[in-house]
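What follows is a set of notes on a single structure, which appears directly below.
Derivation of every value follows stated rules applied to the coordinates shown; laboratory data play no part. What you see is a predicted model, and the numbers here were worked out from it, not measured in a lab. Counting neighbours? That spans all protein chains shown, and the Cβs are built from the backbone with ideal geometry, glycine included.
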């Protein structure tokens with residue numbers, strides 16, 4: 001039987017340690033193809049490159065794995081991979097492991113999740129993996145058995161079109177288990193750090209703290225990760241707020 | 001009574017004709033503040049700038065309107081505007097008018113919509129406006145009365161936290177009316193145009209055609225705009241696919 005084809009990308013770039021762990025785990029399950037950005041692309045949201053051409057360059061940093069670095073965004077990587085690199089439609093696409101959590105509202109800003117969303121739009125089931133540690137020396141070891149379980153489960157029970165998974169791991173060696181969650185309502189309390197450059201002109205550094213708007217609810221991804229569970233949120237790219245359609249019809253008709 | 005404060009941004013940049021039309025219309029309704037990108041930022045998705053500082057520069061291109069051009073993405077513009085520019089919380093934020101449609105899956109890639117989403121996350125009700133014409137000489141005149149109606153309606157009936165509006169106009173002088181819709185399921189059929197540079201190295205231009213995956217349904221934004229209606233889709237940034245939570249609990253527990 002043919003091994004499953006697994007496409008991998010990320011947003012931290014092709015040299016990121018989190019990507020290497022994901023490649024190692026996926027090699028245990030199937031045939032792996034990597035198309036990842038040639039430089040970090042964090043917080044790129046679902047950007048795509050429309051005014052510049054894209055480059056693809058073969059990379060040999062993963063033994064026995066076909067890999068390419070791409071000059072574009074994570075979403076560009078997936079588009080190019082599916083159109084120009086993959087010999088057949090992948091059985092699954094996985095993204096990450098991201099250095100830093102993509103739970104709650106982070107899903108909107110995340111390049112890691114945008115790669116997974118792009119695959120899902122193109123009809124390839126997908127999963128984004130992230131660890132709650134921004135460090136380049138983050139320890140991804142404890143994520144491995146969970147990643148293996150989740151990917152195997154989804155290969156055996158493919159998701160229908162329109163849904164993907166957003167998986168976030170706590171930064172602990174004692175992960176209590178998997179928890180199916182919803183996206184927590186949260187927002188960043190921004191405060192821009194205002195400084196003057198040597199020519200005495202102002203510039204601003206964005207800083208911010210994530211505020212959980214529903215800290216008392218234990219069914220959210222933010223609660224799960226804060227309490228040492230790995231969270232799985234079924235995620236969609238149909239942004240329609242169906243509950244408001246009738247309300248708006250009354251307002252406008 | 002104090003006039004409503006209206007924050008405006010876009011993704012085509014501060015000099016875009018579509019922004020000027022929106023500014024003119026909003027001046028009829030309230031006090032206007034503009035913070036828009038200093039260069040085009042189309043297809044930026046929900047990118048934010050985390051590795052560079054941001055610049056704000058006062059602009060005088062709109063008579064009687066406080067305006068700034070910002071070096072960042074549309075989402076950056078809104079974050080900076082709310083934290084550093086606006087003297088009080090705006091009553092509404094409007095984005096656009098975008099040169100090109102942001103219906104269906106375009107909402108995921110759109111910088112115009114990311115600005116509106118950012119405002120909504122920060123608790124300011126918001127609307128993204130787009131016209132189904134990519135040209136820099138697009139004719140926005142026929143959108144004006146509808147924009148006026150929609151903004152006044154929302155000022156009198158504010159949306160609760162978590163929902164914003166995605167409005168798309170057809171490119172016609174005979175707009176049939178407003179239609180409340182859901183986001184159409186559609187995807188781009190990409191085909192990368194592969195070329196060789198003067199050094200004989202390959203590069204790729206992204207091209208693609210939007211494919212409506214449900215052309216027979218008349219309740220979608222794509223159908224509405226194709227049939228000369230202005231579409232209004234209630235849009236949310238909670239991406240949880242609630243219908244799959246039970247299914248996943250069965251798979252993983």
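Figures for the structure shown
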{"read-out": "Region A:165-247: relative contact order in percent, alpha carbon pairs under 8 Å with at least 6 residues between", "value": "44 percent"}
{"read-out": "Distance (nanometres) between label positions extended 7 Å along Cα→Cβ at residue B:51 and residue B:24", "value": "4.1 nm"}
{"read-out": "Cα gyration tensor category, rounded, prolate or oblate, for region B:172-245 with a/c compared to 1.5", "value": "oblate"}
{"read-out": "Region B:5-131: C-alpha gyration tensor shape, a/c 1.5 cut-off, then a/b vs b/c", "value": "rounded"}
{"read-out": "For residues of A:46-58, the mean tally of beta carbons on other chains within 10 Å", "value": "6"}
{"read-out": "Averaged over A:229-236, number of beta-carbon atoms from partner chains that fall within 10 Å", "value": "4"}
{"read-out": "Chain A residue with Cβ closest to the axis mapping A onto B, distance in whole Å", "value": "A:45, 2"}
{"read-out": "Label zone at residue B:148, where the point sits 7 Å out along the Cα-to-Cβ direction: region B:6-30 residues whose backbone N lies under 13 Å", "value": "B:24-30"}
{"read-out": "Share, in percent, of DSSP beta bridges within the protein assembly as shown that are antiparallel, nearest 5", "value": "45 percent"}
{"read-out": "Beta bridge orientation in region A:19-112: antiparallel %, DSSP, nearest 5", "value": "45 percent"}
{"read-out": "Spatial separation of Cα centroids for region A:1-45 and region B:61-101, in angstrom", "value": "37 Å"}
{"read-out": "FRET E, pair residue A:249, residue A:88, Förster distance 51 Å, beta-carbon r, rounded to 0.05", "value": "0.70"}
{"read-out": "Cα-based Kirkwood hydrodynamic radius, chain A, one decimal, Å", "value": "19.0 Å"}
{"read-out": "Cα gyration tensor shape of region A:107-253, rounded if a/c is under 1.5, else prolate or oblate by comparing a/b with b/c", "value": "oblate"}
{"read-out": "Contact order relative to length of chain A, as percent, for alpha carbon pairs under 8 angstrom and 6 or more apart", "value": "18 percent"}
{"read-out": "Spacing of the two label points (7 Å from each Cα toward its C-beta) at residue A:66 and residue A:207, in nm", "value": "4.7 nm"}
{"read-out": "Estimated 222 nm signal from helices in chain A, with DSSP H stretches of n ≥ 4 weighted -39500 (n - 2.57), rounded to 500", "value": "-6500 deg cm²/dmol"}
{"read-out": "Peptide-level mean, for A:69-77, of C-beta atoms on other protein chains within 10 Å", "value": "2"}
{"read-out": "Rg over Rh, two decimals, the protein assembly as shown (C-alpha only, Kirkwood Rh)", "value": "0.96"}
{"read-out": "DSSP bridge pairs, region B:136-251: antiparallel proportion in percent, nearest 5", "value": "80 percent"}
{"read-out": "Cβ crowding within 10 Å averaged over residues, with A:200-210, B:68-78, B:116-126 ranked highest first", "value": "B:68-78, B:116-126, A:200-210"}
